[in-house]
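The values are calculated or read from the model by the stated rules, or taken from the named source; none is laboratory data. As the structure is a prediction and not an experimental result, all values here were calculated from the model. Heads up, the Cβs are rebuilt from the backbone with ideal geometry, glycines too, and the neighbour counts pull from every protein chain shown.
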Amino acid sequence: MGASADEIANRPEAPHVQRTRYAVLYDAQCEICQACVSWLKVLDHQNKTYSLPISTEALAAIDSRLNLEECLQQLHVVTREGAIVVGWDAVACLARLFPPTWLIGALSQHFPLRGVGRSTYRFVAANRYALSKCRGGACRVVKPETVRRQARLRAFWSCYTLGFFLRLPLIVWAAVSTAGLRVSLFARTYHKRLELFDGKLTILFLNGLLPNAVPILFGELFTTVVYDGVAVDPGSPKMRRSRARHLHRWKPKISKIVATHAHEEHIGNLNWLSTLANAPIYVSKTTAEFLTPFKKLPWVRAAIIGQPPNLEQPYSSLGETLETSSGQLLVIATPGHCDDHVALYDAKEKVLLAGDAFMGLTSRRRILTWIAESGSPAWSG
């Protein structure tokens with residue numbers, strides 16, 4: 001299994017350097033090592049450690065006593081005091097750093113757990129590279145044929161499966177906590193209205209029986225924005241009752257209706273809201289082409305979000321600016337999320353109505369570059 005911790009620590013070239021964190025050196029090609037590092041990152045809330053994949057450059061930068069072949073054979077940890085701990089002792093050392101695992105780490109240094117731990121660690125380390133194709137750092141240490149001949153377990157069970165089961169609690173916890181956050185956010189915004197800038201900007205959270213599955217499962221909330229009298233993206237037909245409820249309770253003054261792009265959750269209520277509010281519709285020329293007629297949606301999207309009707313006259317094409325009740329919005333073409341996407345920007349208030357543009361990297365860059373080049377003193381990258 002290579003040199004022991006005492007042998008490494010007693011090497012004459014050992015530097016005496018005080019470190020602020022523990023350095024954890026692991027084999028990035030090993031499934032088990034990757035899984036253990038994942039657990040370490042979850043436990044290390046106070047940033048006591050940092051993990052580095054093993055390489056000649058990394059070892060030389062951390063400590064001259066470290067040897068590539070020895071590090072590939074078992075875990076090496078360099079403590080804050082400059083001591084090097086290896087194998088099971090390194091695992092126990094890391095465990096003692098965190099309250100949830102402190103007791104395990106403390107007991108692992110005493111009989112009989114220390115002996116059991118070391119034996120188990122040696123067994124796993126010896127079998128983790130039992131691979132029919134040369135995967136893992138051991139290929140750089142010894143011949144693959146030697147590794148296969150000496151390994152006691154087949155690769156699938158010793159490496160991939162064990163690594164998966166080590167990660168499984170983290171995967172389940174991440175899925176459960178993420179689902180909890182999505183449900184919590186949906187519950188906190190259900191039927192809600194958010195007003196900003198003394199009521200100049202209002203965000204209406206929309207819902208519907210089947211559309212509600214989207215924010216719960218995927219985290220995407222459906223909203224309509226009303227900015228200085230301009231209603232932006234009034235939602236889909238299956239969110240119409242929610243939109244009508246907001247209008248009945250709030251009774252806003254809507255002077256114009258705009259769609260940022262031609263996706264069904266944004267444009268399904270254009271003509272309906274135009275008639276209800278007696279306000280004109282503005283869309284880009286490309287969006288108008290998509291909406292006259294509107295394509296037939298796949299049945300799943302039509303069932304959940306709703307099939308929008310065709311855009312009907314009268315409607316107007318967006319120009320370079322759009323007048324609001326007290327100012328104007330600049331119209332910025334932001335293709336990326338889709339070809340017809342536009343964003344609306346109030347240069348005076350420094351407010352950007354981005355639609356779904358921030359879902360696409362190209363559109364984000366286009367918007368941020370445009371704002372930065374506008375010379376706005378309030379803009380900072």
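Please go through segment 301-317 and give me each residue that is within 19 Å of Gly235 (Cβ to Cβ) and of a type outside the set (Lys, Arg), ordered by number. Spell out how you get there, then give the answer.
First pass over segment 301-317, keeping only residues within 19 Å of Gly235 (Cβ to Cβ): 301-312, 315.
Listed by number, the residues that qualify are Ala302, Ala303, Ile304, Ile305, Gly306, Gln307, Pro308, Pro309, Asn310, Leu311, Glu312, Tyr315.
Here are some conditions: (1) in a helix (DSSP H, G or I); (2) touching a residue at least 60 places away in the same chain (Cβ under 8 Å). Lys41 meets all but one. Which one does it not meet?
With (1) in a helix (DSSP H, G or I); (2) touching a residue at least 60 places away in the same chain (Cβ under 8 Å) applied to Lys41, the lone miss is (2).
Please go through segment 37-76 and give me each residue that is touching a Pro at 6+ places or on another chain (Cβ under 9 Å), more than 16 Å from Arg167 (Cα to Cα) and buried (at least 16 other Cβ atoms within 10 Å of the Cβ), ordered by number.
Passing the criteria: Asp63, Arg65.
Could you give every pair whose Cβ atoms fall below 7 Å, whose first residue belongs to segment 58-76 and is at negative phi, and whose second residue is crowded, with 19+ Cβ neighbours inside 10 Å and of a type in the set (D, E, K, R), counting only separations of at least 6 or pairs across chains?
Note: pairs meeting the criteria are Leu72/Asp27.
Does Lys253 satisfy being under 14 Å from Val230 (Cβ atoms) and of a type in the set (D, E, K, R)?
Values: under 14 Å from Val230 (Cβ atoms): yes; of a type in the set (D, E, K, R): yes.
Considered against the rule, which asks whether it is under 14 Å from Val230 (Cβ atoms) and of a type in the set (D, E, K, R), Lys253 comes out as yes.
Where residues in segment 44-81 are polar (S, T, N, Q) and in a strand (DSSP E or B), which of them is nearest to Arg122 (Cα to Cα)? Even if it seems obvious, please write down each step before you answer.
First pass over segment 44-81, keeping only residues polar (S, T, N, Q): 46-47, 49, 51, 55-56, 64, 67, 73-74, 79.
In the following step, the residues that additionally are in a strand (DSSP E or B) were identified as 49, 51.
Working: Thr49: 24, Ser51: 21 Å.
Per the stated criteria, the residue is Ser51.
Only one residue in Gln29, Gln34 is at pLDDT 80 or above and surrounded by 14 or more Cβ atoms within 10 Å (Cβ to Cβ), so which one is that?
Working: Gln29 fails: at pLDDT 80 or above.
That would be Gln34, the only listed residue that is at pLDDT 80 or above and surrounded by 14 or more Cβ atoms within 10 Å (Cβ to Cβ).
Among Gln307, Gln313, which is in a loop (DSSP other than H, G, I, E, B) and touching a Leu at 6+ places or on another chain (Cβ under 7 Å)?
Just a single option satisfies the conditions, and that option is Gln307.
Can you pull out the residues in segment 324-346 that are in contact (Cβ under 8 Å) with a residue 60 or more places away in the chain and part of a strand (DSSP E or B)?
Initially, segment 324-346 is screened for residues in contact (Cβ under 8 Å) with a residue 60 or more places away in the chain, giving 324-327, 329, 337-338, 340-344, 346.
Matches in segment 324-346: Leu329, Val342, Ala343, Leu344, Asp346.
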